1. Within region 1-15, restricting attention to residues that are charged (D, E, K, R) and closer than 17 Å to P157 by Cα, which residue is surrounded by the fewest Cβ atoms within 10 Å (Cβ to Cβ)?
2. State all residues of region 261-270 that are assigned to a loop (DSSP other than H, G, I, E, B), touching a residue at least 40 places away in the same chain (Cβ under 8 Å) and small (G, A, S); if no residue qualifies, say none.
3. If I go through region 180-219 residue by residue, how many of them are under 18 Å from the mean Cα position of the chain (by Cα) and either without any contact (Cβ under 8 Å) to a residue 24 or more places away in the chain or assigned to a loop (DSSP other than H, G, I, E, B) (or both)?
4. Is it the case that region 244-264 has a residue that's buried (at least 19 other Cβ atoms within 10 Å of the Cβ) and under 29 Å from A152 (Cβ atoms)?
5. Being over 16 Å from R128 (Cβ atoms) and modelled with pLDDT under 95 is the requirement here; does G40 meet it?
6. Please go through (1) farther than 30 Å from A363 by Cα; (2) at pLDDT below 95; (3) out of contact with any helix residue (DSSP H, G or I) (no Cβ under 9 Å at 6 or more places or on another chain) for A240 and return the number of the only condition it doesn't satisfy.
7. Those residues that are assigned to a helix (DSSP H, G or I) and farther than 12 Å from A261 by Cα, I need them from region 397-424; list them, please.
8. What is the number of the single condition among (1) under 23 Å from A5 (Cβ atoms); (2) outside any loop (DSSP other than H, G, I, E, B); (3) out of contact with any His (no Cβ under 8 Å at 6 or more places or on another chain) that P177 does not meet?
Amino acid sequence: MRLTARQAIAAVADTYTELAEPGRPQAPSAVPTASSAPDGPLGWSGYDDARARARARTGEDESVVTALATIGGAEAVVVSFEFRYLGGSLGERTGDRLEAAYTRARERGLPVVSLIATGGSRMQEGMRALSQLQRVAGQSALNRAAGLPQLAVLRDPTTGGGWATLGAGADVILALPGAQIGFAGSRVRPPDADPYAYSAEGQLASGHIDALVPPDRLRTTLQRWLHLLCTPREPGSPAAAPAPPPYALGASGLPETGWGAVVRARAARRPRAEAYLRAYFDDLEEISGDRCGGVDPGIRCGFGRHDGRTIAFAAQCGTATRPAGFRTAARLIRLADRLGIPVLTLVDTPGAANDAAAERAGAGAAIADTFAALATARVPVTSLLIGEGGSGGALALAAPDRLWATPDSYFSVIAPELAAAILKRDEAQIHDTADQLRIRPQDLRELGIIRDIVGPAGEGAAES
C-alpha cells in the first residue's frame, strides 16, 4: 500500500513542520498561471474538476508537500510526493513549492531529502508543466554549488521527469524494493520492454541507484546518511584535515626481493579492503554504480566515521578494476570534494581490466577521469597501497604526494611477468626483472614514490 505524502514524511522524520505555501510573482496577463486561469494555462476542459476531485480524495491541494524536518537529530528540508493527487505529477504549482523548498534549504544550509512517487509531468498543463523540470534542475544546481547534500528516496512509482531531476540528480539515491523506476512510465514504454529494467532491482544492477532499503530500515538509513554528510565541524577546525593513513594489518617485515614483494602482495590470506575498512571506520555507508549503466563489485566507495569525523573512501578490492569502478570512484571523489570531506583511497589491483568489454565500456576515458578527479580535488586525499599496485589502474587512485604503502605491497609500472614479455625475456628472468623494476615498499620510499611505509598499530605507523 502506498503511503500518503504526509505518512511518508512521518515514517522518516522525528518531527516536521510544513513549509508555508510560496507566493508566485504576478505573471503577465497574456500568460496565465495554472492556478489563475480556468482549467489551467491550456484551458484543458475538466482540469479544475479533476483537481477538485483530487483535493477531496487526498486532502491536499497539490502533488507535493514540503516541510522542515528533523531526522535523527539532523535538520533537513523534506519534499514528499502525493501520488494520489493526479499521479504525483509536476505542474507549475508543484514547481513553486519545489523552488521554495530548495531556496529554504540554501538559506538554512540544509540538505534536501526527496521522497518521490510520481508519474511525471502533468498533461493538463502541457509544456508549462514540462518546463518545471528545468526549474527544478536549476534549483538543484544552486544547492549543489552551495555544497549542500541531496538525498532521494524512490517510492513506487518514480518515473518521468521526477526521476530525471529530483531522483537521478541526487547525490545519494535510495529505493524501496520492488518500486517501479524509470524515465519511461508503464504506459509509454515499448510493449516488449523487459520490466526488470524499470524496477528498483534492475536500476541497482545497472549502477543507477546506490541501495535498496526496506521500509522498516529507511528512517535509520537516512539518519546514518545525514549524520555522515551533514555533521557540523568544530569551530576553528580545518575545513578538511587529511585522513590519516590506516595502520598495516598484514606482515610487518619488508621483502628481501622484488619477486618476494609480488608473492606477498598476491597471497590469498593477505588483508584486503574489507579488513582495512572494518578496522578504520566506526560506521560507514556505501554508494554503488557509475550512473552510466555499470557496477564494479571490485571497488567499494562511500563515507565513514573515523575518530569522530566523516571521511570518504574509495577502495580497490584486489581485482582488475573495470571502467565502472573508476567512474564510481571519480563520482565519490567529486562528491566528497563538493561537500568538503577528505578522502581515503586504498590501492590494490593487478591493473585495470583490459578485456574487450572493458575497452568497449571506455576504460581509457574512465581512468583519465579518475586521474582528473584526484588532480582537481580541493580536499586532501590520502592513499594507502595495501597490496598490488598494477600500473596505471592502480596509479589512478593514488594521491600525488600523499601515498603510503604497507610492508606487504608493491607498485610497478607493469607486472613483472608482462615486463619480461615486453622486453622479450624468458620466464627464468622474471625474478631478475622484478628486482630491476624496484617495486618493493622500501624501493618506492627511496625513489620518492611513497611518503613512508606504515606499520601495525602502535609500531611506528605513519602520521598524516
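The values are calculated or read from the model by the stated rules, or taken from the named source; none is laboratory data. Predicted model, so just to flag it, every value in this text is computed and none were measured. FYI the Cβ positions are ideal-geometry reconstructions off the backbone, even for glycines, and counts take in every protein chain you see.
1. Here the answer is R2.
2. A267
3. Number of matching residues: 7.
4. Looking only at region 244-264, we keep the residues that are buried (at least 19 other Cβ atoms within 10 Å of the Cβ), and these are 244-250, 255, 258-259, 261-262, 264.
In the following step, the residues that additionally are under 29 Å from A152 (Cβ atoms) were identified as none.
No, region 244-264 contains no residue that is buried (at least 19 other Cβ atoms within 10 Å of the Cβ) and under 29 Å from A152 (Cβ atoms).
5. no
6. A240 satisfies all of (1) farther than 30 Å from A363 by Cα; (2) at pLDDT below 95; (3) out of contact with any helix residue (DSSP H, G or I) (no Cβ under 9 Å at 6 or more places or on another chain) except (3).
7. If the condition is that a residue be assigned to a helix (DSSP H, G or I) and farther than 12 Å from A261 by Cα, then E417, L418, A419, A420, A421, I422 are the ones that fit.
8. Condition (2) is where P177 drops out.
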